[in-house]
Amino acid sequence: DEALFWEILGLFNWRKSGNDDAVMLPAEKRLAALPVVDIFTFEDILAEKLYQLDGEKYAAACYPGKNTRTISGDAFLYDRCSVLCNGQEFYEAVVQDPAKWPVGLEFESLLYL
């Protein structure tokens, strides 16, 4: 469920910044201990949350002053990951107000979790 999803993302060890594998290791261990169906549910929720941030108003907030039609789809996906990595409260704030977007941050590694 969503509570477990956010709990898992909350396990990231940001003291290990610079080593994405180490940052995600506690979350990876928690996921690995779950039944396979829960792992797939985590992936489904992740995809849904990333999709919710996939829109023109979010791209404009992420890349202020740029033509959003020229933005790399991959780069924007990695930027959206950073919003999720900042937790549920921050994610919901950005969904409601794209101006709160953390410009210049990305976390591609979330996609490999």
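The values are calculated or read from the model by the stated rules, or taken from the named source; none is laboratory data. Just so it is clear, the structure is predicted and the values come from calculations on it, not from any experiment. Reconstructed Cβ throughout: ideal geometry from the backbone, glycine too, with neighbour counts over all protein chains shown. Accessible surface is based on the protein model in full, side chains and every heavy atom, while ligands, DNA and RNA are left aside. Shrake-Rupley method; radii C 1.70, N 1.55, O 1.52, S 1.80 Å.
Before moving on, here are some points about what is shown:
- Residues that are farther than 17 Å from Phe90 by Cβ and surrounded by 15 or more Cβ atoms within 10 Å (Cβ to Cβ), drawn from the stretch 5-26: Asp20, Met24, Leu25, Pro26
- Listed conditions (1) aromatic (Phe, Trp, Tyr); (2) surrounded by fewer than 13 Cβ atoms within 10 Å (Cβ to Cβ); (3) under 14 Å from the mean Cα position of the chain (by Cα) are all met by Tyr78, apart from (2).
- Matching residues in the stretch 16-33 - criterion: being in contact with a Ser or Thr (Cβ under 9 Å, 6 or more places away or on another chain) and among the hydrophobic types (A, V, I, L, M, F, W, C): Val23, Met24
- Selection count, the stretch 94-113, where residues are open to solvent by 30 Å² or more (accessible area, probe 1.4 Å) and among the small types (Gly, Ala, Ser): 2
- Yes/no for Thr41 being among the polar types (S, T, N, Q), more than 17 Å from the chain's Cα centre (by Cα) and within 24 Å of Val94 (Cβ to Cβ): no
- Considering Thr41, Thr68, the condition of being out of contact with any Lys or Arg (no Cβ under 6 Å at 6 or more places or on another chain), among the β-branched types (Val, Ile, Thr), modelled with pLDDT of 95 or more and open to solvent by less than 80 Å² (accessible area, probe 1.4 Å) is satisfied by Thr41 alone.
- Some residue of the stretch 88-101 being in contact with a helix residue (DSSP H, G or I) (Cβ under 9 Å, 6 or more places away or on another chain) and at pLDDT below 95: no
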